[in-house]
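Working notes, structure below.
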Amino acid sequence: MSRLLQLRPAALALGAFALGALVCLAASLLWSPKTCCAPPPPRPSATQPTPLAAAARSVLSLDVEDASGARSFGAAIVLAPGRLVTAAHVAQPGARLTAILPDGARRETRLIGRDETSDVAVLAVEDADGLAPARFAAAPPRIGERVAAVGDPLGYRGTITEGVVSSPARAYGATNPYDHIQHDAALNPGSSGGALFNAAGEVVGMNVAIADGSRRHVGIGLALPSATVLRLAEALAREGRVARPRLGLRLREAADLGAAGAPMIEDVEPDSPAAKAGARAGQRLLAANGAPVLTARDLARALEPLAPGATLALDLLEGDTRVAVTARLAELEPSQATRRLAGKRKQAGERKPGGEAQALRHGLELAEGAARLARVAPDSPAAAAGLKPGDELLAIGERPVDAASAAATLAGATGRKLALLVRRDGASRYVVLGEHGRTDSPQPFGANAEAEGSASL
């Protein structure tokens, strides 16, 4: 009994020593040199590209020389080896475009096709093996999403700027049927045709415009969405052009004329689909293919998916009468995309209106028995608006007029604004005449129609 008592302290001491040794061994195994002595992970090399920089290699700089020899800059996105997409206003007809490859090599490009309406053009580039095609996003960006613009602003190649999306579907242009991405990544001349990337390095759009046309960064940039770019680029690569329909009328927003509601038809091109369908100047356009029309852009949207030869149902309003007509669309020729509607008649101001002149308000005098101006008093509101003798008066507001009704309306119009539909040189325009001259536009009547605020479709 005493022997056992004598051995117990020694055993306990030995056990405690063994337990301590085991604890130390375990700690030494857990606390390995890998943890306490390993060097920190290597920092990325200054020459190692970030994911965005790697994606940006799918955007090439363009040196542009126009037909007059003037030089500028632009950018293009690699669609496929040997094929690029850029903005149509960069790839003007007759311009020489040189692509700068990622290794600095220069390659001449060839224009395959361009579309002014959408501002998309497709180029071919030879001897450019190894180009990495861009990855295009399947979904549009969201409001507040961070994006980066890559282009050649002011000739600074491969410039990357960052911003956020304010709208994935912003209207841009009076007759542009396409939504645009609004963002605030800095754009400057040379950014056009470059890419707008999301955080995953996917192209969400192609930069085409600075919002106010100032040609300098103002914080509002516009990019054509990727889905639109790809669809139109495919058509251009296949056909060399996008076949667009032509209706042949010119619209004026009702608000421009001091009215509300649907826009008014300001002019109808002779022998156009609109004219053959029975549309006339002075009517209101209420709907196209059943979709309400409140602006010229609404009509452009209705026309965009249609091909030449398709039909378009128009709901018109003449006075209080609603009229339904159907137009068979013609094809819009490239020269017609920017051509002002104009007839080939003799200058109206050269005609000698017959009969006695009838004095009216606003400095206008109508020819006896005709809704035609015989005289415009100097220094009058009508003269300040640019009206001239020989101009034909077709309507006041949306009401067609003849000599008697025009005289009666004008005679009682002192101090009132009048929306006069006037024809000159075979083309008609609205002029809103006020106490001191034209109130709807700073342009005198007969100036550029687009500057006056009307839109041709």
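The values are calculated or read from the model by the stated rules, or taken from the named source; none is laboratory data. For clarity, every value in this text was computed on a predicted model and none was experimentally measured. As a convention, Cβ positions derive from the backbone with ideal geometry for all residues, glycine included, and neighbour counts pool all protein chains shown.
Among the residues of the stretch 187-212, how many are outside any strand (DSSP E or B) and touching a residue at least 40 places away in the same chain (Cβ under 8 Å)?
11
Considering each residue of the stretch 198-249, count those that are crowded, with 18+ Cβ neighbours inside 10 Å, under 19 Å from residue 56 (Cα atoms) and of a type in the set (Gly, Ala, Ser), and give that number.
5
Quickly run through the stretch 373-410 and pick out the residues that are farther than 17 Å from residue 432 by Cβ, charged (D, E, K, R) and at pLDDT below 80.
Of everything in the stretch 373-410, those that are farther than 17 Å from residue 432 by Cβ, charged (D, E, K, R) and at pLDDT below 80 turn out to be 379, 402.
In this structure, does residue 144 turn out to be outside any strand (DSSP E or B), farther than 24 Å from residue 122 by Cα and of a type outside the set (A, V, I, L, M, F, W, C)?
Answer is yes for this residue.
Hey, any hits in the stretch 257-268 for a residue that's assigned to a strand (DSSP E or B) and either among the hydroxyl-bearing types (Ser, Thr, Tyr) or modelled with pLDDT of 95 or more (or both)?
The answer is no, given that none of the residues of the stretch 257-268 is assigned to a strand (DSSP E or B) and either among the hydroxyl-bearing types (Ser, Thr, Tyr) or modelled with pLDDT of 95 or more (or both).
Kindly indicate whether any position in the stretch 104-112 is over 23 Å from residue 209 (Cα atoms), assigned by TED's automatic domain parsing to the domain that holds residue 225 and assigned to a loop (DSSP other than H, G, I, E, B).
Yes, some residue in the stretch 104-112 is over 23 Å from residue 209 (Cα atoms), assigned by TED's automatic domain parsing to the domain that holds residue 225 and assigned to a loop (DSSP other than H, G, I, E, B).
Is there a residue being at pLDDT below 95, within 25 Å of residue 71 (Cβ to Cβ) and out of contact with any Phe, Trp or Tyr (no Cβ under 6 Å at 6 or more places or on another chain) anywhere in the stretch 129-146?
yes
If you scan the stretch 233-256, which residues turn out to be assigned to a helix (DSSP H, G or I) and in contact with an Asp or Glu (Cβ under 6 Å, 6 or more places away or on another chain)?
Matches in the stretch 233-256: 256 only.
For the stretch 300-322, name all the residues that are surrounded by 15 or more Cβ atoms within 10 Å (Cβ to Cβ) and touching a Pro at 6+ places or on another chain (Cβ under 8 Å).
Passing the criteria: 300, 301, 303, 304, 306, 312, 318.
Restricting the search to the stretch 57-89, which residues are assigned to a loop (DSSP other than H, G, I, E, B) and farther than 12 Å from residue 128 by Cβ?
The answer is 66, 67, 68, 69, 70, 87, 88, 89.
Checking residue 316 against (1) at pLDDT below 95; (2) over 27 Å from residue 169 (Cα atoms), only one condition comes out false. Which one?
Every condition holds for residue 316 apart from (1).
Taking the stretch 257-271 only, how many residues are surrounded by fewer than 20 Cβ atoms within 10 Å (Cβ to Cβ) and in contact with a strand residue (DSSP E or B) (Cβ under 8 Å, 6 or more places away or on another chain)?
Number of matching residues: 3.
The rows are residues; the columns are (1) among the hydrophobic types (A, V, I, L, M, F, W, C); (2) in a loop (DSSP other than H, G, I, E, B); (3) at pLDDT 95 or above; (4) on the phi < 0 side of the Ramachandran plot.
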{"site": "162", "(1), (2), (3), (4)": "no, no, yes, yes"}
{"site": "165", "(1), (2), (3), (4)": "yes, no, yes, yes"}
{"site": "175", "(1), (2), (3), (4)": "no, yes, no, yes"}
{"site": "214", "(1), (2), (3), (4)": "no, yes, no, yes"}
{"site": "218", "(1), (2), (3), (4)": "yes, yes, no, yes"}
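Return the residues of the stretch 142-173 that are of a type in the set (Val, Ile, Thr) and free of Cβ contacts under 8 Å to residues at least 40 places away in the same chain; say none if nothing qualifies.
Those that are of a type in the set (Val, Ile, Thr) and free of Cβ contacts under 8 Å to residues at least 40 places away in the same chain: 143, 159, 161, 164, 165.
Can you say whether residue 113 is modelled with pLDDT under 90 and either of a type outside the set (Ser, Thr, Tyr) or exposed (fewer than 15 other Cβ atoms within 10 Å of the Cβ) (or both), as far as the supplied structure shows?
Judged against the criteria, residue 113 is not a match.
Scan the stretch 102-111 and give yes if some residue there is touching a residue at least 60 places away in the same chain (Cβ under 8 Å), at negative phi, of a type outside the set (Phe, Trp, Tyr) and touching a helix residue (DSSP H, G or I) at 6+ places or on another chain (Cβ under 8 Å), otherwise no.
No - not one qualifying residue is present in the stretch 102-111.
Run residue 75 past the list (1) touching a strand residue (DSSP E or B) at 6+ places or on another chain (Cβ under 7 Å); (2) at pLDDT below 95; (3) closer than 23 Å to residue 156 by Cα and report the number of the one that doesn't hold.
Failed condition: (2).
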